[in-house]
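Trainee: Let me begin by handing over the structure; questions about it come next.
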Amino acid sequence: MDLGLHGKTAVITGGSSGIGLAAARKFLAEGANVAICARGAERLTAARDALAAEFGAEHVIAEAVSVLDATAFDGFAGHVLDRFGGVDALVNNAGQGRVSTFAETTDDAWREELELKYFSQIVPIRAFSEALKDSGQGAIMAVNSLLAYQPEPHMVCTSSARAGVQNLLKSLSVEFAPEVRVNSILVGLVDSGQWQRRFAARADQNQSREAWYADLASKKNIPLGRLGEPEEAARALVFLASPAASYITGAHLEISGGLSRFV
Ligand code: NDP
């Protein structure tokens with residue numbers, strides 16, 4: 001199926017790793033230009049070089065900025081618009097989860113988490129909203145978590161903030177219609193940076209990668225019996241960004257191997 005993304009431009013925050021990097025690869029494979037950002041310059045440069053080698057340097061921009069630094073992010077947005085002339089898809093993917101119960105979460109930790117989850121949406125959306133409106137097929141995709149609807153007590157502030165973000169996205173899907181569609185994916189467990197870090201820090205260092213991941217999928221009762229691959233989330237993002245999803249806005253798509261228990 002031609003997804004109608006050839007010659008279009010996608011911005012992906014947190015594009016140096018995991019789901020964001022897989023999404024960058026998918027958009028490029030569809031013939032789009034891609035701009036990625038992340039904080040860590042070294043990993044970002046490695047990602048940029050790999051994408052440029054595969055798809056051509058003229059289709060890729062990478063800039064080391066935090067989505068929480070509005071001034072720096074506006075600079076990045078300016079460079080993207082100068083280079084590619086517009087933006088058609090924005091994937092708000094940057095971030096990470098915080099493991100802590102209510103008793104363990106300090107006020108500073110709450111503020112930090114709420115800032116990350118909200119402003120990783122607000123800053124990029126504000127920077128690109130006019131360009132997305134001008135696109136004619138503008139789409140915003142948020143990479144959110146199943147925790148938004150199915151909170152976990154050991155990730156209390158992440159769950160709560162994720163729920164608030166879903167609420168924000170619903171409002172934006174109305175405010176930005178009909179020019180820009182706003183959707184999200186709800187990720188369960190996808191094998192990317194954060195799980196690889198947890199695997200590296202496993203209690204039993206003799207446990208193999210296969211055994212550790214199989215154990216995790218079993219403990220979490222994932223019906224499909226495994227973690228997802230970043231590419232499986234990326235495919236959903238590219239679909240939601242494309243005109244193939246032209247009548248979908250204000251919606252969420254679960255990428256969780258059936259982990260959700262709500263209907
Ligand atoms: P990764 O750790 O592999 O990737 C996270 C990316 O975000 C990196 O490129 C990282 O680069 C970047 N990033 C983090 N903070 C910022 C920031 N402030 N500004 C710009 N870039 C930032 O993780 P995933 O691919 O798994 O995560 C992608 C998204 O999916 C995250 O929002 C995560 O919370 C969410 N998610 C993932 C789940 C999973 O199971 N994998 C489950 C539920 C949600 P750098 O650190 O250099 O800035």
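Trainee: Just for the stretch 61-114: of the residues that are closer than 26 Å to A22 by Cβ and of a type in the set (F, W, Y), which one is farthest from the chain's Cα centre (by Cα)?
Mentor: F84
Trainee: Could you identify the single residue in L189, L237, L227, L216 that is farther than 30 Å from L90 by Cβ and among the aliphatic types (A, V, I, L, M)?
Mentor: Result: L216 is the single residue among L189, L237, L227, L216 that is farther than 30 Å from L90 by Cβ and among the aliphatic types (A, V, I, L, M).
Trainee: Oh, and also: Just a yes or no: is a residue in the stretch 155-165 within 13 Å of the ligand (Cβ to nearest atom) and in a strand (DSSP E or B)?
Mentor: Checked against the condition, which is being within 13 Å of the ligand (Cβ to nearest atom) and in a strand (DSSP E or B), the stretch 155-165 yields at least one hit.
Trainee: Evaluate the following for L169: is it closer than 21 Å to A233 by Cβ, touching a residue at least 60 places away in the same chain (Cβ under 8 Å) and away from the ligand (no atom under 13 Å from the Cβ)? Give the derivation first.
Mentor: Working: closer than 21 Å to A233 by Cβ: yes; touching a residue at least 60 places away in the same chain (Cβ under 8 Å): yes; away from the ligand (no atom under 13 Å from the Cβ): yes.
Yes.
Trainee: (1) open to solvent by 60 Å² or more (accessible area, probe 1.4 Å); (2) farther than 21 Å from E115 by Cα; (3) basic (K, R): which one isn't true of R39, the others all being true?
Mentor: R39 satisfies every listed condition except (2).
Trainee: Report, by residue number, each residue of the stretch 233-244 that is out of contact with any strand residue (DSSP E or B) (no Cβ under 6 Å at 6 or more places or on another chain) and part of a helix (DSSP H, G or I).
Mentor: Keep residues of the stretch 233-244 that are out of contact with any strand residue (DSSP E or B) (no Cβ under 6 Å at 6 or more places or on another chain), which gives 234-235, 238-239, 242-244.
Hits for the stretch 233-244 are A234, R235, V238, F239, P243, A244.
Trainee: Something else: When you scan the stretch 55-74, how many residues do you find that are open to solvent by 30 Å² or more (accessible area, probe 1.4 Å) and part of a helix (DSSP H, G or I)?
Mentor: 8
Trainee: So D2 fits all but one of (1) in a strand (DSSP E or B); (2) at pLDDT below 95; what number is the exception?
Mentor: All conditions pass for D2, except number (1).
Trainee: Using beta carbons and a limit of 7 Å, which pairs, at least six apart or on different chains, have the first residue in the stretch 81-101 and not assigned by TED's automatic domain parsing to the domain that holds E63 and the second one outside any strand (DSSP E or B) and open to solvent by 40 Å² or more (accessible area, probe 1.4 Å)?
Mentor: Every condition considered, no pair remains.
The values are calculated or read from the model by the stated rules, or taken from the named source; none is laboratory data. Because the structure is a prediction, the values reported are computed rather than measured. Note that each Cβ is placed from the backbone with ideal geometry, even for glycine, and that neighbours are counted across all protein chains shown. All accessible areas refer to the heavy atoms of the entire protein, side chains included, with ligands and DNA or RNA removed. Shrake-Rupley method; radii C 1.70, N 1.55, O 1.52, S 1.80 Å.
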